[in-house]
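See below for the structure under consideration.
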Amino acid sequence: MHTPHLDRVHVPSDLKSLTDPELGRLAGELRGEVISTVAQTGGHLGSSLGVVELTVALHAVFDTPRDKLIWDVGHQCYPHKILTGRRDRMHTLRQGGGLSGFTKRAESDYDPFGAAHSSTSISAALGFTVGRDMGQPTGDAVAVIGDGAIGAGMAFEALNAAGAEGRRMFVILNDNEMSIAPPVGALSKYLSGLYASPVGGLHEMAQGIEKALPGPLRDQARRARQLVTGASGGQGTLFEELGFQYIGPIDGHDMTQLLTVLRTARARATGPVLIHACTVKGKGYAPAEGAADCGHGVGKFDVATGAQAKAKPNAPSYTSVFGKTLATLAETDPKIVGITAAMPSGTGMDIFAKAHPARMFDVGIAEQHGVTFAAGLAASGLKPFCAIYSSFLQRGYDQIVHDVALQNLPVRFAIDRAGLVGADGATHAGAFDVGYLSALPNLTVMAAADEAELVHMVATAAAHDSGPIAFRYPRGAGEGVPMPERGTPLEIGKGRVLQEGADVALLSFGAHLGECRKATALLDGQGLSVTLADARFAKPLDHALIRRLARDHRVLMTVEQGAVGGFGAMVLHFLAAEGLLDGNLAIRTMTLPDRFIDQAAPDAMYADAGLTATDIAATAAQAEGVDWTLSTV
């Protein structure tokens, strides 16, 4: 690909030597580079293509890394990474040992604040702003936040605080749900002379932008403004009521508009400023622009056609199994309703929504509201299934405690992306839900060992009206086991034994049962007799099963896809309380290590965590007193 302008840019300061028309041509080259890169690696394509011009303009106008550019979520940061000295490593994006798919402080000085969850940027930018005003060596702070993320409660809390502080900082609202037509005539003339004018403040600038538009475009701009702010024409916008100077809406793909507005705002701002830029997700690449999700998350693809290379799985995904099972149950149970937080397809709730559209509620990026909304639905007598990724459910923990568990309301939590998730890395790992849910009174906590067990657990949750219940399951394809026609509710707090043995007991909780099966075969090959059990429940524990395993074996091991302090800790606590920890029993708990694990293929991540079948077998053999290293040579 011919990239004469991009080849001249190694760090953002190199942009200062380019003319404005050259910056426009650079943006075109940068867009092509993003497309060719993601075609090789997969990743967040649409969001990155939508901010190409904005990225170039921000780095051309501001003085990064002294000025702090903070991308909310960070999944739109690929153009930013290319311009900030990481172009030669973009082929490693989202791979083991490679670049993160999000911003990451340890990766570059140009990533001042790490992100992957939404709505944090304005709070962080205010922190940098106060640091600057208290003498720290930092310049202006600029937060770039999307129209979805700005609707979350945390973003509004930050806007309220920043407006009250009244300090100079910048928020760029990247609005890709509303576009405005290209500038013509009076607007272009107005903007061309704006920055050169030595008089006038930002208020006059904001008024002038809208007044300079011809009638139809002025109406469209006003609609865009109302869409985001909720304010009608002639009134101050919501952002202005919160203490921000509001500028916009402007075309986020017009380099002239962007450069003029950003330069003027940087030169004249004295307090907090919000610039409303309208963009198109997937801009400049027809397959992304035409896709239902605008190419939000894609696998490797053919640049010419946009066709993604997808291996056919050997089993249905856990997510689809959940969605289909819930939709089927709801056919005969009109009280079942679904809730998700801006992730209908990611959680399988899109399947439920197609079958029962009036009973599906997408609350947007608002997990706290979603959990309490579900609690209200449960209190009304309905059966809410609240489907949220494990790492996102963390954001609603106080609501789980106060609004659900304390009131013992039968909310059903469907926890997707449990365990390690691959390319999204540590920010999306479902490592902590077992511990943080099992600690709460009234919670029932389950984990599916395979896709068939998930069907039964969805049925169990639907039938469970005596309090809140949660079931967790991983990302990706299932184990390929035979599937039941319908789910059968499980007996609460009862596990199952899949193989009887005399020496070692492996007690698995959740989707690592497959690795435990492999470990059992390895141990059997070394002459060790193994009992393999699936706990099914972390709370309540199957006390009778655990007592029997402890009594009848010399080694008892727990295995889980969660952090220290989860299922294994619950088992240890029970054994200690029962007086079953004695010299005749060797206890081992295998969990994720007490550290965050960077992105890689899931199998490689579990190898890094020490949770492969070989690791499990070696731990069991060593606990039994067998020299595993020598015995397996």
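Readers should treat all values here as calculations from the given coordinates under stated rules, not as data from a laboratory. If you're wondering where the values come from, they're calculated on a predicted model, not measured in any experiment. Here the Cβ positions follow ideal geometry from the backbone for every residue, glycine too, while neighbour counts run over all protein chains shown.
With a sphere of radius 13 Å drawn around the Cβ of Met134, what net charge do the other residues whose Cβ falls strictly inside it have (Lys, Arg +1; Asp, Glu -1)?
That sum, taken over residues with Cβ under 13 Å, equals 0.
Could you give the angle, 0 to 90 degrees to the nearest 10, between helix 52-61's Cα long axis and the longest principal axis of the Cα atoms of the chain?
60
Enter the angle in degrees (range 0 to 90, nearest 10) between the Cα long axis of helix 215-229 and the first principal axis of the Cα atoms of the chain, meaning the one along which they spread out most.
40
Hey, what do the phi angles of segment 573-581 turn into as Karplus ³J(HN,Hα) couplings, whole Hz, using 6.51/-1.76/1.60 and θ = phi - 60°, x for Gly and Pro?
4, 5, 4, 5, 5, 8, x, 9, 8
Would you kindly derive the ³J(HN,Hα) couplings of segment 337-353 from the backbone phi angles with the Karplus curve 6.51 cos²θ - 1.76 cosθ + 1.60 (θ = phi - 60°), listing them in order in whole Hz, with x for Gly and Pro?
So the Karplus estimates, Gly and Pro as x, are 10, x, 10, 9, 10, 6, 10, x, 6, x, 9, x, 5, 5, 5, 5, 5 Hz.
Hey, what's the Kirkwood Rh for segment 318-472 if you take every pair of different alpha carbons, in angstrom? Could the numbers behind the result be given before it?
Working: mean 1/r = 0.0668 Å⁻¹.
Its Kirkwood hydrodynamic radius stands at 15.0 Å.
Treating the angle as unsigned and between 0 and 90°, give the value, to the nearest 10°, between the Cα long axis of helix 451-463 and the longest Cα principal axis of the chain.
Computed tilt is about 90 degrees.
Could you check the simple spin-label distance between Lys494 and Glu204, using points 7 Å along Cα→Cβ, in nm with one decimal?
Those two pseudo-labels are separated by 8.0 nm.
Using the crude model of +1 on Lys and Arg Cβ and -1 on Asp and Glu Cβ, and no other charge, please compute the dipole size for the chain relative to its Cα centre, in debye to 20.
Details: 53 positive and 65 negative charges, 175 e Å.
I would put it at about 840 debye.
Sorted by average packing, counted as other Cβ atoms within 10 angstrom per residue and highest first, what order do 391-400, 8-17 take? Mind showing how you got there, number by number?
On the way: 391-400: 21.5, 8-17: 15.6.
Ranking the peptides 391-400, 8-17 by packing returns 391-400, 8-17.
Mind listing the long-range amide H neighbours of Phe361? Cut-off is under 5 Å, sequence gap 5 or more, other chains count too, H placed in the peptide plane at 1.01 Å from N.
Sorted by chain and number, the residues that satisfy this are Gly338, Ile339, Thr340.
Starting with the highest mean, order 38-48, 501-511 by the number of other Cβ atoms within 10 Å, averaged over the residues of each peptide.
Numbers: 38-48: 23.5, 501-511: 25.3.
Order by mean packing, descending: 501-511, 38-48.
Among 414-423, 100-109, 449-458, how do they line up from the highest to the lowest mean number of other beta-carbon atoms within 10 Å? Walk me through the numbers on the way to the answer.
Values: 414-423: 25.8, 100-109: 18.9, 449-458: 24.1.
Per-residue Cβ counts within 10 Å, averaged per peptide and sorted highest first, yield 414-423, 449-458, 100-109.
Under 27 Å from the Cα of Lys335, which lysines turn up, not counting those fewer than eight places away in the same chain?
Lys324, Lys354, Lys383, Lys494, Lys539
Less than 10 Å Cβ to Cβ from Arg89, Lys/Arg counted +1 and Asp/Glu -1: what total charge do the surrounding residues give? Provide the component values of the computation, followed by the final result.
Working: positive: Lys81, Arg86, Arg87; negative: Asp88, Glu107.
Taking every other residue near Arg89 into account, the sum is +1.
For segment 496-631, what is Rg from Cα atoms divided by 2.2 N^0.38 Å, rounded to two decimals? Write down the numbers at each step before the final one.
Numbers: Rg = 14.1 Å, N = 136, 2.2 N^0.38 = 14.2 Å.
Cα Rg divided by the expected 2.2 N^0.38 Å: 0.99.
Can you list the lysines whose alpha carbon sits under 19 Å from that of Lys283, skipping same-chain ones fewer than 8 residues off?
Lys81, Lys300
Out of the DSSP beta bridges found with both residues in the chain, what percent are antiparallel (nearest 5)?
Values: 9 of 67 bridges.
Within the chain, antiparallel bridges account for around 15 percent of the total.
Amide H of Ala141: which non-local residues (sequence gap of 5 or more, or other chain) have their own amide H closer than 5 Å, using H built in the peptide plane?
Under 5 Å from the amide H of Ala141: Lys68, Phe170.
At a threshold of 8 angstrom on Cα-Cα distance, excluding pairs fewer than six apart, so keeping six or more, what relative contact order does the chain reach in percent?
Numbers: 1320 pairs, mean separation 68.0, N = 633.
Here the relative contact order equals 11 percent.
What is the sum of charges, Lys and Arg at +1 and Asp and Glu at -1, for the other residues whose Cβ falls under 10 Å from the Cβ of Gly348?
Working: positive: Lys324; negative: Asp350, Asp416.
Local net charge: -1.
Quickly estimate the mean residue ellipticity at 222 nm for the chain, helices only: each DSSP H run with n ≥ 4 gives -39500 (n - 2.57), and the total goes over all residues, rounded to 500. Could the numbers behind the result be given before it?
On the way: 25 runs with 246 residues, N = 633.
My calculation for the chain gives -11500 deg cm²/dmol from helical runs alone.
Just to check I understand the Karplus step: with θ = phi - 60° and J = 6.51 cos²θ - 1.76 cosθ + 1.60, what whole-Hz values come out for segment 584-599, glycine and proline as x?
Once θ is set to phi - 60°, the couplings for segment 584-599 become 8, 10, 8, 10, 9, 10, 10, 10, 5, x, 7, 7, 7, 10, 6, 5 Hz.
Extending each Cα 7 Å along its Cβ direction at Ala601 and Lys300, get the distance between those two points in nm, one decimal.
For Ala601 paired with Lys300, the spin-label model returns 1.1 nm.
Counting only residues 5 or more places away or on other chains, whose amide H sits under 5 Å from the amide H of Phe413 once H atoms are built in the peptide plane?
Counting only residues 5 or more places away or on other chains, the set is Cys386, Ile469, Ala470, Phe471.
Rounded, prolate or oblate, given the Cα gyration tensor of segment 410-467, with a/c below 1.5 counting as rounded? Intermediate results must be reported in sequence, preceding the final value.
Working: a/c = 2.78, a/b = 1.45, b/c = 1.91.
Note, shape of segment 410-467 comes out oblate.
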